[in-house]
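See below for the structure under consideration.
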């Protein structure tokens, strides 16, 4: 869990679950102040980092029988930086829009301010 906390605080990104206790115990962060979760608004850049899936993403994807709480994307934030999102790819390969969102997520994670990739590229320059 120590490595997980250092990974997220050092620019990492996760898809799926995260462990808040790691950020508290090993990162010394305060939940609700230094890190939090929130529903991503349709205008968030992750929805348009490569493909523009926009607000149609949260309204048209997924099984209509799933409760509304599961038909949105929750973001995990550490000190204002998006460090992860809920696992949203259970239909990957079956629906082109799921694939588009998967590409968006990877592009966003690699290119956002403070990401590991961005830091490595600054060292190359």
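The values are calculated or read from the model by the stated rules, or taken from the named source; none is laboratory data. Computed from a predicted model, the values in this text were never measured in an experiment. A quick note on method: Cβ atoms are made from the backbone with ideal geometry, for glycine too, and the neighbour counts reach across all protein chains shown.
Taking residue 27 as the residue in question, decide whether it is assigned to a loop (DSSP other than H, G, I, E, B) and modelled with pLDDT of 70 or more. Here the answer is yes, as residue 27 does meet what is asked.
Per the conditions (1) closer than 30 Å to residue 21 by Cβ; (2) exposed (fewer than 13 other Cβ atoms within 10 Å of the Cβ); (3) modelled with pLDDT of 75 or more, the sole criterion not satisfied by residue 76 is (2). Assessment of region 29-45 against the conditions (farther than 19 Å from residue 74 by Cα, buried (at least 18 other Cβ atoms within 10 Å of the Cβ) and either in contact (Cβ under 8 Å) with a residue 40 or more places away in the chain or within 16 Å of the chain's Cα centre (by Cα) (or both)) yields at least one matching residue. Which of the residues belonging to region 96-125 are modelled with pLDDT under 85, surrounded by 14 or more Cβ atoms within 10 Å (Cβ to Cβ) and not in a helix (DSSP H, G or I)? Result: 114, 115.
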